[in-house]
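The values are calculated or read from the model by the stated rules, or taken from the named source; none is laboratory data. All values reported here derive from a predicted model rather than from experimental measurement. With ideal geometry, Cβ positions are generated from the backbone for all residues, glycine too; neighbour counts draw on all protein chains shown.
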Amino acid sequence: MPERVVLHSDLNNCYASIECMLDPSLRGKYVAVCGNTEERHGIVLAKNQLAKQRGVKTGDVIWEAKQKCPELTIVPPHMDQYLKYSKLVREIYLRYSPEVEAFGIDESWIELTGSPLLQRYSGEEVAHQIRRTVKEETGLTVSVGVSFNKIFAKLGSDLKKPDAVTCISRESFKDQIWPLPASDLLYVGRATKAKLDRYGIYTIGQLAGASPDFLTMLLGKNGNMLWRFANGLDTSRVMPCTFEPPVKSIGHGITCTADLVNAVEVHHIFLELSQEIGLRLRQQGLSAQRIQISVRDCELGYRQHQAALPFPTQSYLEICTAGVELFNRRYAWEKDIRSLTIRAIDLVPVDSPHQMDLWIDYKAHDKRLKIEETIESIRRRFGHSAINFASLTSNIKYPGRQEVEYKMPSVMYQ
């Protein structure tokens with residue numbers, strides 16, 4: 001059976017590269033794409049290769065980035081352009097294979113296994129063709145990894161940048177991959193890295209040599225998954241762009257331009273966010289069995305909590321109420337709050353059977369749902385500002401909408 005061939009193509013410094021291409025005056029300068037400081041998104045979203053060489057990192061606060069590189073030129077993001085070029089580049093990939101899986105706006109896996117192209121070219125040669133075509137037609141550069149599975153193909157695209165191709169074969173992966181830090185492996189984030197560090201597991205090779213049972217005990221089911229990744233045993237498919245994965249959660253979050261300082265403001269935020277969640281649950285034909293809240297305080301401390309709902313629901317009022325109760329129960333309010341997120345999780349089809357409770361007023365629940373559906377119908381016909389909760393009304397603009405009135409700090413959706 002022929003060896004599998006998977007490519008992973010990564011647009012180099014995507015946002016910054018597109019900005020430099022659209023504005024030739026930026027070429028040769030140290031460039032960082034940064035969020036809006038007035039809306040408290042004043043961090044580095046992307047940087048070009050020159051700024052990267054000066055130590056500027058994604059996630060740096062603007063003043064930190066300028067300390068590292070005083071000559072840094074700050075430009076605002078233009079998401080419409082990034083999406084446009086992402087689509088153009090993906091269309092190039094589709095010329096080489098119908099199986100192209102997007103991984104964010106700037107990365108894609110390309111399945112070549114069984115392709116007629118491999119009768120004439122090697123996987124590496126196809127990767128170079130893609131790299132040259134992207135450069136000629138869009139002015140952007142990509143780094144491409146070539147391997148026998150998705151995980152190592154992604155690692156390959158990270159090993160040599162910019163505008164390069166790296167091959168990782170079944171025979172060579174131990175020499176190429178195992179010496180790398182464990183954090184280079186897909187899905188090894190900061191929390192997982194900290195747990196591995198405590199047990200002296202610093203490299204991918206050490207992760208591969210650890211006991212799968214120990215890793216499962218330490219990291220749950222992800223432990224066994226990471227052990228398989230490290231040993232080159234990943235068999236996951238490249239899912240075509242037309243594939244839509246099942247919805248596992250529906251959430252909404254905001255970062256406030258002013259810190260939230262009391263429970264009333266938190267309630268207003270959750271009420272606004274939950275309305276969007278209820279609408280999307282109805283559109284998907286799903287109900288939530290649990291809710292999850294995420295809280296980031298003014299010093300960027302992060303907490304996440306979840307709780308079960310009494311019964312599956314699409315009602316945003318019930319989701320909001322559960323979120324507020326969970327927040328009041330778990331947040332000690334030692335610091336004011338910078339951002340909030342609420343999610344509907346553990347989703348089931350709306351017509352799924354469930355155990356009823358004698359002490360729950362289901363008539364009130366049904367009435368509440370009908371009221372919410374009526375509100376959504378009015379908004380579809382006359383606009384979002386046509387009807388709203390009295391507690392949310394005041395003359396404050398809400399970014400992204402026209403003249404919506406809310407009694408809350410102005411916010412920016414994440």
Completion exercise
How many residues of the range 185-231 are more than 18 Å from Lys150 (Cβ to Cβ) and among the aromatic types (Phe, Trp, Tyr)? The answer is 3
Practice task
Might you check whether a residue that is part of a strand (DSSP E or B), touching a helix residue (DSSP H, G or I) at 6+ places or on another chain (Cβ under 8 Å) and surrounded by 17 or more Cβ atoms within 10 Å (Cβ to Cβ) occurs anywhere in the range 316-336?
Solution key: no
Practice task
Residue by residue through the range 228-284, note down the ones that are within 27 Å of Pro98 (Cα to Cα), in contact with a strand residue (DSSP E or B) (Cβ under 9 Å, 6 or more places away or on another chain) and modelled with pLDDT under 90.
Solution key: Met239, Pro240, Cys241, Phe243, Pro246, Val247, Lys248
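With Val33, Val75, Val6, Val44 as the choices, which residue is among the β-branched types (Val, Ile, Thr), under 30 Å from Ser236 (Cα atoms) and surrounded by 14 or more Cβ atoms within 10 Å (Cβ to Cβ)? Working first, answer last.
On the way: Val33 fails: under 30 Å from Ser236 (Cα atoms); Val75 fails: under 30 Å from Ser236 (Cα atoms); Val44 fails: under 30 Å from Ser236 (Cα atoms).
After applying the criteria, what remains is Val6.
Which is closer than 21 Å to Cys241 by Cβ, touching a strand residue (DSSP E or B) at 6+ places or on another chain (Cβ under 9 Å), modelled with pLDDT under 95 and among the hydrophobic types (A, V, I, L, M, F, W, C), of Ala127, Ala102, Ala153? Reasoning before the result, please.
Details: Ala127 fails: modelled with pLDDT under 95; Ala153 fails: modelled with pLDDT under 95.
None of the other options fit; the residue is Ala102.
Could you go through the range 260-275 and let me know if any residue there is polar (S, T, N, Q), closer than 30 Å to Asp336 by Cα, more than 22 Å from the chain's Cα centre (by Cα) and exposed (fewer than 14 other Cβ atoms within 10 Å of the Cβ). Walk me through how you get there before you give the answer.
Looking only at the range 260-275, we keep the residues that are polar (S, T, N, Q), and these are 262, 274-275.
Now narrow it down to the ones that are closer than 30 Å to Asp336 by Cα: 262, 274-275.
Adding the requirement that they be more than 22 Å from the chain's Cα centre (by Cα) leaves 262.
Next, from what is left, pick out any that are exposed (fewer than 14 other Cβ atoms within 10 Å of the Cβ): 262.
Yes, the range 260-275 contains a residue that is polar (S, T, N, Q), closer than 30 Å to Asp336 by Cα, more than 22 Å from the chain's Cα centre (by Cα) and exposed (fewer than 14 other Cβ atoms within 10 Å of the Cβ).
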Exercise for the section: Could you check how many residues of the range 86-105 are of a type outside the set (A, V, I, L, M) and within 20 Å of Val44 (Cβ to Cβ)? Expected result: 2
Exercise for the section: State whether one or more residues within the range 183-203 are in contact (Cβ under 8 Å) with a residue 12 or more places away in the chain, of a type in the set (Phe, Trp, Tyr) and buried (at least 21 other Cβ atoms within 10 Å of the Cβ). Expected result: no
Practice task
Could you give me the residue pairs with C-beta distances under 7 Å whose first residue belongs to the range 77-97 and is more than 16 Å from Glu19 (Cα to Cα), whose second residue is of a type in the set (Asp, Glu) and buried (at least 20 other Cβ atoms within 10 Å of the Cβ) wherever it lies, and which are 6+ apart or on separate chains?
Solution key: Ser97/Glu111
Handout entry: Only listed residue being part of a helix (DSSP H, G or I), β-branched (Val, Ile, Thr), closer than 26 Å to Arg380 by Cα and assigned by TED's automatic domain parsing to the domain that holds Ile378, chosen from Ile269, Ile254
Key = Ile269
Exercise for the section: Test Ser377 against the criterion of being assigned by TED's automatic domain parsing to the domain that holds Pro310, at pLDDT below 85, of a type in the set (S, T, N, Q) and assigned to a helix (DSSP H, G or I), and give yes or no. Expected result: no
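Restricting to the range 168-214, name every residue that is of a type in the set (Ser, Thr, Tyr) and in contact with a helix residue (DSSP H, G or I) (Cβ under 9 Å, 6 or more places away or on another chain).
First, the residues of the range 168-214 that are of a type in the set (Ser, Thr, Tyr): 169, 172, 183, 187, 192, 199, 202-203, 211.
Correct list: Ser169, Ser183, Tyr187, Thr192, Tyr199, Tyr202, Thr203, Ser211.
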Practice task
Report the residue count in the range 223-265 for those that are touching a Phe, Trp or Tyr at 6+ places or on another chain (Cβ under 7 Å) and among the β-branched types (Val, Ile, Thr).
Solution key: 2
Fill in the blank from the handout: Going through the range 276-315 in order, the residues found to be outside any strand (DSSP E or B) and under 14 Å from Gly253 (Cβ atoms) are Glu276, Ile277, Arg280
Practice task
Determine whether Thr113 is over 27 Å from Phe152 (Cβ atoms) and at pLDDT 90 or above.
Solution key: no
Completion exercise
Taking the range 97-156 and the residues there that are surrounded by fewer than 23 Cβ atoms within 10 Å (Cβ to Cβ) and among the aromatic types (Phe, Trp, Tyr), the one that is farthest from the chain's Cα centre (by Cα) would be Tyr121
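Can you give me the number of residues within the range 291-315 that are surrounded by fewer than 20 Cβ atoms within 10 Å (Cβ to Cβ) and more than 21 Å from the chain's Cα centre (by Cα)?
Of the range 291-315, the ones surrounded by fewer than 20 Cβ atoms within 10 Å (Cβ to Cβ) are 292, 294, 296-311.
Keeping just the survivors that are more than 21 Å from the chain's Cα centre (by Cα) gives 298-299, 307-311.
Here the count works out to 7.
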Fill in the blank from the handout: Checking Ser97, Ser108 in turn, the sole residue that is of a type in the set (Ser, Thr, Tyr) and out of contact with any helix residue (DSSP H, G or I) (no Cβ under 7 Å at 6 or more places or on another chain) turns out to be Ser97
